[in-house]
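The values are calculated or read from the model by the stated rules, or taken from the named source; none is laboratory data. In this text the structure is predicted, and so the values were computed from the model without any measurement. Backbone-built Cβ (ideal geometry, glycine too); neighbour counts: all protein chains shown. Protein only, heavy atoms only, side chains kept; ligands, DNA and RNA dropped before computing areas. Shrake-Rupley method; radii C 1.70, N 1.55, O 1.52, S 1.80 Å.
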Amino acid sequence: MPSEPAHEDLAPDGVDYWSFVAIAVERTTRALPAVDARAMRLMLSLYRASNAMVYDLESAVHRPRGWSFAGFRVLFVLWLAGPLEAKRVAQLAGMSRAAVSALVNTLERDGLVARRKAGRDRRSVELSLTTHGGQVFADAFAAHNEREQTWASALTDDEAAQLTALLEKLMASPVAAAANRRR
């Protein structure tokens, strides 16, 4: 029977969001020796990095405009590829159709997105940016990209290219493809 991880004091002043990953991996593998520490550390690190970046982008760029990062993603898809059926927006934004539908209610209320019945399927809805939405989004994207540049500046050009290639390789795996099909 697996043992529980030790609940030693985490020295609250000495452990932060990032150093907790090392503690989590060490204690988990001690309690459950069959755990793949490499996979666990990779997933925890990716999850924590993406959460930190999303939180920062939301705080610095999106919330001041009344948006969430998810709302920004919907606007981004429509800005680049719209008008599109709502289900296609969901697919390109990496979200569920229900999440897009809920977000579009707010974005439409704020005058950023328009919806209409899609021509070929009366049940489908086509989404597009309003003129105002396009203008507001372009300004927001400039601020968003400035924040992206700040994050990316921690890496050299070669490191950024390598990390991008590795993430693309990870997302090209069969497990990633299966996860995307479940959306």
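I'm told residue 78 meets every condition in (1) within 15 Å of the chain's Cα centre (by Cα); (2) hydrophobic (A, V, I, L, M, F, W, C); (3) open to solvent by less than 30 Å² (accessible area, probe 1.4 Å); (4) at pLDDT 95 or above except one. Can you identify the failing condition by its number?
Among (1) within 15 Å of the chain's Cα centre (by Cα); (2) hydrophobic (A, V, I, L, M, F, W, C); (3) open to solvent by less than 30 Å² (accessible area, probe 1.4 Å); (4) at pLDDT 95 or above, residue 78 violates only (1).
A quick yes/no check of all residues on (1) in contact with an Asp or Glu (Cβ under 9 Å, 6 or more places away or on another chain); (2) small (Gly, Ala, Ser); (3) within 29 Å of residue 179 (Cβ to Cβ):
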residue: 76; (1), (2), (3): no, no, yes
residue: 84; (1), (2), (3): yes, no, yes
residue: 91; (1), (2), (3): no, no, yes
residue: 111; (1), (2), (3): no, yes, no
residue: 115; (1), (2), (3): yes, no, yes
residue: 122; (1), (2), (3): no, no, no
residue: 137; (1), (2), (3): no, no, yes
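Does residue 156 satisfy being open to solvent by 40 Å² or more (accessible area, probe 1.4 Å) and either farther than 13 Å from residue 67 by Cα or within 19 Å of the chain's Cα centre (by Cα) (or both)?
In short, yes.
Kindly indicate whether any position in the stretch 84-105 is open to solvent by 50 Å² or more (accessible area, probe 1.4 Å), more than 30 Å from residue 28 (Cα to Cα), polar (S, T, N, Q) and assigned to a loop (DSSP other than H, G, I, E, B).
yes
Scan the stretch 15-31 and report the pairs whose first residue is without any contact (Cβ under 8 Å) to a residue 60 or more places away in the chain and whose second residue is part of a helix (DSSP H, G or I) and β-branched (Val, Ile, Thr), with Cβ atoms within less than 8 Å and a gap of 6+ or a chain change.
If the second residue must be part of a helix (DSSP H, G or I) and β-branched (Val, Ile, Thr), the pairs left are 15/23.
Tally the residues that are of a type in the set (A, V, I, L, M, F, W, C) and open to solvent by less than 40 Å² (accessible area, probe 1.4 Å), restricting the search to the stretch 137-153.
The total comes to 3.
Restricting to the stretch 103-129, and then to whatever is small (Gly, Ala, Ser) and modelled with pLDDT of 95 or more, can you tell me which residue is nearest to the chain's Cα centre (by Cα)?
That would be 128.
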